[in-house]
Structure formats: C-alpha cells, structure tokens
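Data first, discussion second: the structure below is written as structure tokens.
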Amino acid sequence: MAYQILTSVAASITELKKNPMGIAMEGDGFPVAILNRNEPAFYIVPPELFAYFQTLAEDAELNRLADERMTNPELIQVKLDDL
C-alpha cells in the first residue's frame, strides 16, 4: 500500500542512524518523514510542534465533550448575584 509523504523533507532510516540530530535539524522546525523502503515509517516532530498538536487534540476532545453535553442539557437557573 502506497502512502503519501506529508513533509517536504524526507530521509531514510539508514541516514537517520548515521546522523539523527542532523536529520532532525533538516526539517527547520517542521516534521521530517523517515522512510523505510521508500514509504513513510514515521515522522520526526520538533517539541514545539508536538506541543501544538497536543493542544489541538485536547481542544478537539473538549469540543466533543461540550457537543455531547449540549444534546442533553441539564439547565439550572442561576442569578448573577448568587455567583
């Protein structure tokens, strides 16, 4: 099965073994595809980008939870003065 390479920089596993930090730096802050037999095996992602992806995943989960709760709202009357 052929997979699309989703980065502009790619390297083989052999190249990664020879110079891991050099390959990681080639991405210049963007992911680097690591290929096995010319297909992406995995991606190297910088820490800042990984943190951003984590934030997006957490936001998506919170949105899913909010949408789920809105289908069955338990409305409670509250006065601003009571807060």
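Some points to look at:
- Between 55, 14, 71, the Gaussian network model of the chain with springs among Cα atoms under 10 angstrom shows the greatest mean-square fluctuation at 71.
- Beta bridges by DSSP in the chain, antiparallel share as percent, to the nearest 5: 60
- 0 to 90° range, to nearest 10: angle between helix 47-70 axis and the chain longest Cα axis: 30
- One decimal place: the segment residue 78-residue 18 gains 15.2 nm when fully extended, by the rule 0.36 nm per residue minus the C-alpha distance.
- Around the amide H of residue 12, modelled in the peptide plane, lie the amide H atoms of 35, all under 5 Å away and 5 or more residues distant in sequence or on another chain.
- For the range 14-83, the set of trypsin sites (Lys or Arg not before Pro) satisfying both a DSSP loop assignment and a count of at most 15 other C-beta atoms within 10 Å is given as 37, 79.
- Here the Gaussian network model covers the chain, with springs between Cα atoms less than 10 Å apart; of 66, 57, 41, 66 fluctuates the most.
- The range 10-70: C-alpha gyration tensor shape, a/c 1.5 cut-off, then a/b vs b/c: prolate
Taken together, the values in this text are just the output of simple stated rules run on the coordinates, not laboratory data. Owing to the predicted nature of the structure, the values given are computational and were not obtained by experimental measurement. So basically every Cβ, Gly included, is an ideal-geometry build from the backbone, and we count neighbours across all protein chains shown.
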